[in-house]
Structure formats: C-alpha cells, structure tokens
1. Using helices alone, what [θ] at 222 nm do you get for the chain, with -39,500 (n - 2.57) per DSSP H run of 4 or more residues, divided over all residues and rounded to the nearest 500?
2. Would you mind telling me the antiparallel percentage of the DSSP bridges in region 22-171, rounded to 5?
3. Report the Stokes-Einstein translational diffusion coefficient (µm² s⁻¹, integer) for region 1-130, Rh taken as the Kirkwood radius over Cα pairs, at 25 °C with viscosity 0.890 mPa s.
4. Determine, for each peptide in 134-146, 62-74, the mean count of other beta carbons within 10 angstrom over its residues, then list the peptides with the highest first.
5. Give me the Kirkwood hydrodynamic radius of region 223-330, using the inverse of the mean 1/r over all pairs of distinct Cα atoms, in Å to one decimal.
6. Roughly how far apart, in whole Å, are the Cα centres of region 185-218 and region 1-52?
7. Under a cut-off of 28 Å between alpha-carbon atoms, report the lysines in cross-link reach of residue 150, not counting same-chain residues fewer than 8 places apart.
8. Nearest 5 percent is fine: what portion of the DSSP beta bridges confined to the chain is antiparallel?
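The values are calculated or read from the model by the stated rules, or taken from the named source; none is laboratory data. Keep in mind the model is a prediction, meaning the values are calculated, not measured. Here the Cβ positions follow ideal geometry from the backbone for every residue, glycine too, while neighbour counts run over all protein chains shown. For accessibility, only protein heavy atoms count, side chains too; no ligands or nucleic acids. Shrake-Rupley method; radii C 1.70, N 1.55, O 1.52, S 1.80 Å.
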Amino acid sequence: MESFPKTRLRRWRRTPASRALVRETRLSADRFVAPLFVKHGNRLREEISSLPGVFRLSPDEAVAEARAIAELSIPAVILFGLPDKKDETGSEAWDDRGAVQETAHRLKKELPDLLVIADVCLDEYTSHSHCGVVINGEVDNDATLPLLAKVAVSLARAGADVVAPSDMMDGRVGAIRSGLDAAGFPTLPIVSYAAKSASAFYGPFREAVDSAPKFGDRRGYQMDPANRREAMREIALDLEEGADAVMVKPALAYLDVIREARERFDAPIAAYNVSGEYAMVKAAAANGWVDEKRIVYEILTGIVRAGADFILTYHAKDAARWIREGSFTA
Ligand code: PBG
C-alpha cells in the first residue's frame, strides 16, 4: 500500500520536465485525421458558419488545404462530398467524376504520401438525405448494400487509399469487401463507422452538406445512444465481415464505449470527435468562456486515454500546430 507521508504524488508534478517524463498519454499529430468537405468548382473556399475554420472546398483548394495538413505531419484526410444534384438513390455518390473522386485523384497525384480516406454514404447525395434507398417510407437495408459497394469501388478507382462506410446498414462491410475484392482492390482497408449513434452532435455537419433528413430521423439505422453492449455487437460483426479498423462516433459522450472496445478488441480503433463537439468548443471560446487550446488538449487526450488509436477531428491542424510548438502542455 502506498502511504503518506512516504508517498507524495505531488513530487512528480512540480516542474514541466518532471510532468513530461511521467505523462501517461501523449498526443502526436500522427494520430489525427483531418476532415475535408469538397464540392465541384474552382477556387471555392466557403466557410461553414457552424464550423468556424472549416470550409467547403473545390478540388484545387482541397489540394492546397491538404498540403498544409500534410506539412503539419498529419498523415490522413477524410473526404466528404457535396453533389451538384441530389436524387432519390444518391447516384452522384458513385459518379467517377464526383467531387470526392476528382479530389482523391488530384490528391494522389500531388501528395502521394498523404493517406486519403473516403467516407462511403449516400446521405449527402440523396434528395431525402437518408443514408440508403427509401422503399415504402423506410430505408431499405438490403437494397442499399449494392449501391454502397458501388460507391466504394468508384472511390477506390479514383485513388482513395481507404474507405469508411458511415451508413449503418447491416452487412455493409461484407458487401463493400466483396465489391472491392471483385474490382481488384483486395488490399484496400475498410474503416467502418461501427458504433455510430443517432446523435444531435452531427448538427453542424448536416448544415455543412445539407443532409438533415427531409422526413423522419436516422434512429431506424443509427444506434440508440444508450446501448453499450449493442455497440460491442456492432463492432464484433463489422470485424467478422472484414473491417480493418472500427470507429466509435461521436467521441465525447461515448468514452466508455471506446474504452470497452479497446479492452475487448485488438483491431485499430478510431474515434470521431464530431462537428457538434467542435462547434461547442468554438462557440464557447469565441465568447471568451473557455481557453480553447487547453480544452482541445483535454478533449483529444481524453479520447486517446480512453483507448482510441486515431481521431477524426476538425481541430487537427490547430492541435498539430500546438503540439509542434510544445504549447499544449507548457
Ligand atoms: C454520414 C455522416 C455523418 C457524419 C459523418 N458521416 C452525418 C450523419 O450521420 O448524419 C457526421 C460527422 C460530424 O458530425 O462531424 N455520411
């Protein structure tokens, strides 16, 4: 047993150097994935009002942004697309000339070492904004699977290094794996959004891509936030179907899910520090109510401490800069 006065835990806390030596969780930029929103056009850079510092970018601007990201030693970006036209099935999602496809292609040409992850979903592309095909007023699981596989193959052909299905249809990892293998991409990894809750924290993202559902909500396919055991079943199923990494999303209200997943599974675990989590920090910081840098440090450290290997976060560039200057822990 540790006992006072022999044991004094404050001894290591006295100086920055001694704190650094015994710090249990260390952040580095190579844990971050920076999200990019892309749309057709040229020299477009529109700030998203609910996500200050995040932009809708045309492919040329996305390359410039990705260059700044890569220069900060962030290894990966994840691409989300806005279509020119939305339709019932979201067909622009598998258009080889879609904005994401074009951006992936250019990124691989100009920044070959940067890992390009492409989100696979239909919600940004469908007129009703649901993540699948709607039949008789319901999102039809099995009719959606072949479309998701088509999207993944189109993204792979465009140059994406990794695909990340976020739709929450049952069986989609298996369908995408078969589709990729059949199309000649057996080595392309799948990061599945395995434990994704139906969350109000996605609000700003839906404003960014105009994807708030036109009827109903996503509770028929995204998870009930209350269910941790079910989250473990989702993760186990996705791994069985061939997922190469699994994601927990959102992150902050779900740190227990990340922790349990870390203890149960040996696969890489990703966490998505989502748009609403970012927007809350930005709003409070803009009001002078919190110290943004210190809040971001605690949030990202907490997510890693919970067990995540990598984090999708809109704070990626700022955090990487603060890590580089050493100012996070100073
Ligand atoms: C679906 C998707 C969503 C997010 C990532 N992929 C939105 C949703 O499910 O409604 C949200 C990400 C965020 O809030 O930052 N394609």
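1. So the calculated ellipticity at 222 nm is -12000 deg cm²/dmol.
2. In region 22-171, DSSP labels about 30 percent of beta bridges as antiparallel.
3. For these conditions, the coefficient is 141 µm²/s.
4. 62-74, 134-146
5. Evaluated on region 223-330, it is 14.7 Å.
6. What the calculation gives is 25 Å, centre to centre.
7. Cα-Cα hits under 28 Å: 39, 85, 86, 108, 109, 196, 214, 249.
8. Beta bridges within the chain, antiparallel portion: roughly 20 percent.
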